[in-house]
Amino acid sequence: MRALRIRLARERPGAACSAADKAPLEDLAGPGVVAGYYPMGSELDPGPLIETLVARGMLSVLPVTVGLDAPLVFREATDISGRAPDLLGVPAPLPGAPEHAPDLIIAPLLAFDSRGGRLGQGGGVYDRTIRDLRRRGSVFVLGLAYAGQELETTPMGPQDERLDAILTECGYRSF
């Protein structure tokens with residue numbers, strides 16, 4: 001799936017903007033907090049979508065890994081110069097940045113299916129985080145991917161959390 005995503009990224013350089021253009025802003029945007037991610041490698045860049053949501057009044061946060069078995073924390077992502085690698089080496093807001101619980105999580109993935117199944121990187125960090133946030137209240141989880149990353153079925157275990165919707169360069173689907 002990683003090799004496929006790399007190929008899709010090369011073949012569809014405008015996919016992030018196309019996906020952002022297809023987002024149902026009336027359903028996603030509004031007062032609240034949106035958690036994006038720092039795209040690593042061939043992950044679809046959430047930047048164009050985040051910019052649109054922020055322009056419509058949302059506060060942008062980024063995930064920070066603070067412990068290998070802990071849920072992610074989300075810190076304000078307003079100053080690009082104020083970032084440092086987190087525990088996994090991903091650029092993240094510094095510890096002094098304000099923390100917020102997101103209302104909308106834009107989640108990266110390796111694969112998805114038509115029932116909201118999500119295959120992540122294998123560490124369970126997003127699943128653990130989503131489960132924790134869902135226990136505490138409402139959070140909407142939007143997968144962001146290339147349309148070609150869809151599988152008939154993704155392997156799901158009891159610890160895996162499903163997406164609420166998926167957004168690709170071809171369109172939006174809720175589950």
Looking at Gly82, Gly32, Gly47, which is the one that is in contact with a strand residue (DSSP E or B) (Cβ under 7 Å, 6 or more places away or on another chain) and over 17 Å from Leu133 (Cβ atoms)?
Gly82
Number of positions in the range 13-49 that are among the polar types (S, T, N, Q) and without any contact (Cβ under 8 Å) to a residue 40 or more places away in the chain:
0
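When you scan the range 154-170, do you find a residue that is in a loop (DSSP other than H, G, I, E, B) and of a type in the set (Lys, Arg), even just one?
Residues of the range 154-170 that are in a loop (DSSP other than H, G, I, E, B), as a first pass: 154-164, 169-170.
Restricting the remaining residues to those that are of a type in the set (Lys, Arg) gives 162.
The answer is yes; a qualifying residue exists.
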Looking at Arg173, Arg115, Arg135, can you tell me which residue is among the basic types (Lys, Arg) and within 17 Å of the chain's Cα centre (by Cα)?
Arg173
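Report, by residue number, each residue of the range 49-67 that is closer than 25 Å to Leu94 by Cβ and touching a helix residue (DSSP H, G or I) at 6+ places or on another chain (Cβ under 7 Å).
We begin by selecting, within the range 49-67, every residue closer than 25 Å to Leu94 by Cβ; these are 49-51, 53-55, 57-67.
Hits for the range 49-67 are Leu49, Leu53, Ser60, Thr65.
If I ask for residues that are in a helix (DSSP H, G or I) and surrounded by fewer than 17 Cβ atoms within 10 Å (Cβ to Cβ), which ones from the range 129-146 would you list?
Going residue by residue through the range 129-146, those that are in a helix (DSSP H, G or I) are 129-136.
Selection gives Arg131, Asp132, Arg134, Arg135, Arg136.
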Selected residue (criterion: nearest to Ala35 (Cα to Cα)) from residues of the range 119-160 that are in contact (Cβ under 8 Å) with a residue 40 or more places away in the chain and touching a Phe, Trp or Tyr at 6+ places or on another chain (Cβ under 8 Å):
Ala145
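Only the coordinates and a few stated rules stand behind these numbers; no lab work does. Worth saying up front: this structure is predicted, and the values here are computed from it rather than measured. Note that we place each Cβ from the backbone using ideal geometry, even for glycine, and neighbour counts take in every protein chain shown.
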